[in-house]
1. Can you give the longest stretch of the chain with no exposed loop site, where a site means trypsin sites (Lys or Arg not before Pro) in a DSSP loop (not H, G, I, E or B) with at most 12 other C-beta atoms within 10 Å?
2. With charges set only on the Cβ (+1 for Lys and Arg, -1 for Asp and Glu), what does the dipole of segment 1-132 come to about its Cα centre, in debye to the nearest 20?
3. Comparing Leu24, Leu183, Leu222, which has the greatest mean-square fluctuation in the GNM of the chain with Cα pairs linked when under 10 Å apart?
4. Quick one: putting +1 on the C-beta of Lys and Arg, -1 on the C-beta of Asp and Glu, what dipole do you get for the chain around its Cα centre, in Debye to the nearest 20?
5. Report the residue, chosen from Asp12, Asp179, Asp77, that carries the largest GNM mean-square fluctuation when the chain is represented by alpha-carbon nodes joined by springs under 10 Å.
6. Return the FRET efficiency for the residue pair Leu222, Ser96: r is the Cβ-Cβ distance, R0 is 45 Å, and the value is rounded to the nearest 0.05.
7. Tell me, how many Å apart are the Cα centres for segment 169-203 and for segment 115-133?
8. Cα-based Rg of segment 212-254 per 2.2 N^0.38 Å, rounded to two decimals?
Amino acid sequence: KGKRAFIAGVADDNGYGWAIAKSLAAAGAEILLGTWVPALNIFETSLRRGKFDESRKLPDGSLMEITKVYALDAVFDTLEDVPEDIKTNKRYAGSSNWTVKEVAECVKQDFGSIDILVHSLANGPEVTKPLLETSRNGYLAAVSASSGSSISLTYIAAEKIIPGYGGGMSSAKAALESDTRVLAFEAGRKHKVRVNTISAGPLRSRAAKAIGFIDMMIDYSLENAPLQKELSAEEVGNTAAFLASPLASAITGAVIYVDNGLNAMGVGV
Ligand code: NAI
């Protein structure tokens, strides 16, 4: 029987989440998506109007089917956690049941259970500010949205200095990598669930463009990585599909680099 996957953090067809959904779909999984509430309307409209049909194409020529799209805001666990200005915000008012706990309950009601959970989202409101100048609120927001979960996406900034990746995002990724190990232990012992994170190289996604230095990072990688080619989102998607499959049955608590080998370099040449 095919597995059921929930991928949180898909709002267009450019990012890693979309590519992961495609690789999982190509491997036979049923696809459920969690889309950030303020981005939901435009994503669903584009989907309905066929704007993504070209990029929905799977290797066998069929189109990826998305069984259901859930509105999600990953920084709130329950409705009580949501501040008034967001509750009444008109981009949120049109949807309901979008806190993490509510989404989990809805998925449970709709489908019973899932087999694969992917966290492919991040939000650092002050990502363009150096850590020294980051406010407490900006820092906490970055950690709140950007860490947690079964397969997730991390970045080398968690362990090495990447100037420009600010606002506490480097801290959020460090938390994510540490949580990957501790959760692997706890969820492994308790539920036999595996937890891993993919440390991905630079991709020109919507989120990455907001940081402001993505083209430079892509050029840097092209020049300095062992494999001198541009990284495609599909390569990250395929790794996620592998990690979610029985082929990876002994891999847990791991940070898997999908970056053309850039992490292994000591100096640029
Ligand atoms: P993306 O823009 O496709 O994905 C980020 C998603 O997060 C968006 O769909 C956005 O709507 C969603 N989001 C933001 N705040 C949210 C919230 N509170 N609740 C629910 N959803 C929320 O961009 P990308 O780059 O594919 O990001 C996916 C993951 O990959 C992120 O964790 C990112 O840090 C990571 N990553 C990206 C790299 C890159 O160069 N693009 C490199 C290494 C890691």
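Every number here is computed from the coordinates shown, using simple stated rules; none is lab data. These figures come from a predicted structure and were not determined experimentally. Positions of Cβ are generated from backbone atoms using ideal geometry, with glycine treated the same way; all protein chains shown enter the neighbour counts.
1. Segment 50-159 is the longest.
2. That gives a dipole near 380 debye.
3. Comparing Leu24, Leu183, Leu222 in a Gaussian network model of the chain, the most mobile one is Leu222.
4. Charge dipole of the chain: 420 debye, to the nearest 20.
5. Maximum among the listed residues: Asp77.
6. FRET efficiency, Leu222 to Ser96: 0.50.
7. Distance between centres, Cα-based: 14 Å.
8. 1.53
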